[in-house]
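Working notes, beginning with the structure itself.
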Amino acid sequence: MIKTILGMSILAASVAITPNAEKDVPTTQSEPIEIPEVVQKPVWTCPDCTPEEKYVLGQLQEHTRITDRNALATIMGNIKQESKFISNICEGGARVSYTECKVGGYGLIQWTSIGRYKGLGNFCAKYVCDPSSLEGQTRWMINEPIFQRALPIFEGHDQSISYYMKPAYYWLGWGVKGYRETYSYDYTKKMVLV
């Protein structure tokens, strides 16, 4: 009933102001409305990177306050050493789903301990993501408590890759250092601030 009455009032009002109402209404030129400029913060991109690398780099910047190129490059270099950005990789190279990796680490950062491996599965069950996917693993990686403890160091500024390797080690606990640092330096050469 209220909607009908309100609807009729609106209809009646609209009928009342047409077609001669325009003559009765004084026109004034209003000042232009200033729309505030949206300032986009600069972000690091990697034009020559793979789609998987670009995705992770973008998510790291969108969901953290990491702005230092060396910090981002160190994280990227460590992921490359761990998995080459292949989300469904089980330690040793087998490409399997989350539930089929029975031995060793799994995924982007080769989650190895039972607690970290189950953490990925539990996180994706709770937040409706695929624990075998790049998207699900990137979300877990950023939210994982171990990464969150190292995050304030990565969010620092103007440090060297060697410096950022220390929190990377605490985050990942690698057994073999491999080419992490070399990969990290390579990323610094490919990253562009836009």
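The values are calculated or read from the model by the stated rules, or taken from the named source; none is laboratory data. Values in this document were obtained by computation on a predicted structure and should not be read as measured data. A quick note on method: Cβ atoms are made from the backbone with ideal geometry, for glycine too, and the neighbour counts reach across all protein chains shown.
Working only within segment 93-149, note down all residues that are assigned to a helix (DSSP H, G or I) and among the small types (G, A, S).
Result: G115, G119, G121, A125, G136.
Taking only pairs six or more apart or across chains, which ones have beta-carbon atoms under 6 Å, a first residue in segment 133-154 that is hydroxyl-bearing (S, T, Y), and a second residue that is not in a loop (DSSP other than H, G, I, E, B)?
Pairs that qualify, where the first residue is hydroxyl-bearing (S, T, Y) and the partner is not in a loop (DSSP other than H, G, I, E, B), are T138/V56; T138/Q59.
Quickly run through segment 119-151 and pick out the residues that are crowded, with 18+ Cβ neighbours inside 10 Å, closer than 18 Å to T99 by Cα and among the aromatic types (F, W, Y).
Hits for segment 119-151 are F123, W140.
Tell me which residues, restricted to segment 94-111, are closer than 20 Å to G173 by Cα and at pLDDT 95 or above.
Selection gives C101, G105, Y106, G107, L108, I109, Q110, W111.
Inside segment 154-190, can you point out the residues that are surrounded by 15 or more Cβ atoms within 10 Å (Cβ to Cβ) and within 23 Å of T112 (Cα to Cα)?
Hits for segment 154-190 are F154, Y164, M165, P167, A168, W171, L172, W174, R180, E181, Y183, S184.
Please specify each residue of segment 46-65 satisfying the condition of being free of Cβ contacts under 8 Å to residues at least 12 places away in the same chain and surrounded by 12 or more Cβ atoms within 10 Å (Cβ to Cβ).
K54
Does segment 74-96 contain any residue that is exposed (fewer than 14 other Cβ atoms within 10 Å of the Cβ), over 19 Å from P167 (Cβ atoms) and either among the acidic types (D, E) or within 13 Å of the chain's Cα centre (by Cα) (or both)?
No, every residue in segment 74-96 fails to be exposed (fewer than 14 other Cβ atoms within 10 Å of the Cβ), over 19 Å from P167 (Cβ atoms) and either among the acidic types (D, E) or within 13 Å of the chain's Cα centre (by Cα) (or both).
Hey, any hits in segment 37-44 for a residue that's in a helix (DSSP H, G or I), among the hydrophobic types (A, V, I, L, M, F, W, C) and within 29 Å of K189 (Cβ to Cβ)?
No, there is no match, as no residue in segment 37-44 is in a helix (DSSP H, G or I), among the hydrophobic types (A, V, I, L, M, F, W, C) and within 29 Å of K189 (Cβ to Cβ).
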